[in-house]
Every structure is written in C-alpha cells, then in structure tokens.
Amino acid sequence: MAQPRDRLALGLLPTLAAGGLLWATGLAGFASEGLTPTVLLGLTVLVLPYVALALAEDVGWRGLLVQRLAEVAGPRTVVGVSGLAWSLFHWPLVLFLGGSPAGVPVPFALLFLTVGTTSLGALLASMQLRWGIWPGVLAHAVLNALLYHVLAPLTADSGPTEWFSTETGVMGAVTLLLSALAWWRIAPLRRSPDGGTVAA
C-alpha cells in the first residue's frame, strides 16, 4: 500500500489539470502578470489558513459523518451520501453569497458545484477511512490554496471562462469526477463482514 503522500497527488491533480486544460484549450487566457510572489506563497505559507478551515470542516464531515456511515453502510452509500451532503452544505455560497460568476445562471453553478464537491468529498472520504483525517485535510487545504492563490490570479477571462473555471465551472467538476473514479479503482473501499465499509 502506498504512503499517504504518494496518493495525495491524486487529490491535487484535478485542480492543476483543470487549470492546464483551460489554458491549453483557450477557454481561459494565461495571465502572466499574475506571476507574483503571492503565487509562490499560495504554494507555501498561504496553505496554512486553509489547513485550519479544512480541519474545521473535515472533523465534522469526514471525522464524524463518514466514520459513522462506514459503520452501517456500504462504500457507495458512504461516499455518495457524505459527498452529496457536503456539497449541499456549500450551496449557500452560491445562493446567498454571490458564488455564481457574473453571467452564469445559478442553477448551472449549483449543478457543477454539486458534481465537483461530491467528487472531492468521495476522495476525502476514502482518505479518511484509509489513513485518518490528516491526509484529507492537507489535500483539501492545498487544493483550495491552489485554486484561489495560484490558478485564479493566473487565469484571464477569454469569453466563456466563467462557465468553465472556478469551483462552479465545468472543467473543475469534470476533472474532479474523473479523479474520483480513478481513485475508486486505485484505492477501493470494500464492504466489511459486519456490513460497514473499510479500506480494501
């Protein structure tokens, strides 16, 4: 079995892949003027505040909900229910706090936020059951730091960008979904003899 740090990369690849694909396809421009010291900080010290925020979320959603579900339900129920519940927890960001980009309909933003967040939740639930809380917290924190302090300042609007970028966009949702499906094959969960869920 690989160490958590070896699998951690798969939790981060979706965000990096989404940014790279946006630039490569022209769905977003590359903002070279965004290459400032803040970008480097986004890969280092700016991760620390997100560790605290991720820990606050993950103690409840993974440390409590996932662990409880894993005692009584199979793998698909554990990752599906916990991931969907976590995505609904984020809906107020779009509904009440302006999380939908300008010009993007709220239902569209909610749909792709739900797909992406549920997929990320599945990854983090698997990490929780395999290694405990910290690998998932670190993956969650680094992913957020990359999104807001690295990819955001380096991404320029080329027209359709708002529909494809950010946590409510198509590209992030698709890459997170593909990553979750790949993780399911690489690091599966299985049903335990007592009807719960454990890491395979």
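Scanning region 88-103 for residues that are in a helix (DSSP H, G or I) and either among the hydrophobic types (A, V, I, L, M, F, W, C) or in contact with a helix residue (DSSP H, G or I) (Cβ under 7 Å, 6 or more places away or on another chain) (or both) yields 88, 89, 90, 91, 93, 94, 95.
Scanning region 64-87 turns up at least one residue that is more than 19 Å from residue 189 (Cα to Cα) and either assigned to a loop (DSSP other than H, G, I, E, B) or in contact with an Asp or Glu (Cβ under 9 Å, 6 or more places away or on another chain) (or both).
Any residue in region 136-149 that is on the phi > 0 side of the Ramachandran plot and either hydrophobic (A, V, I, L, M, F, W, C) or modelled with pLDDT under 90 (or both)? Within region 136-149 (the criterion being on the phi > 0 side of the Ramachandran plot and either hydrophobic (A, V, I, L, M, F, W, C) or modelled with pLDDT under 90 (or both)), the answer is no, since none of the residues qualifies. In region 179-193, of all residues being in contact (Cβ under 8 Å) with a residue 12 or more places away in the chain and over 16 Å from residue 124 (Cβ atoms), the one that is surrounded by the most Cβ atoms within 10 Å (Cβ to Cβ) corresponds to 191.
Only one entry in 55, 65, 40 is over 16 Å from residue 127 (Cα atoms) and either exposed (fewer than 13 other Cβ atoms within 10 Å of the Cβ) or among the hydrophobic types (A, V, I, L, M, F, W, C) (or both), namely 40.
The values are calculated or read from the model by the stated rules, or taken from the named source; none is laboratory data. Note that the structure is predicted; figures quoted are calculated from it, not measured. Positions of Cβ are backbone-derived with ideal geometry, glycine not excepted, and every protein chain shown enters the neighbour counts.
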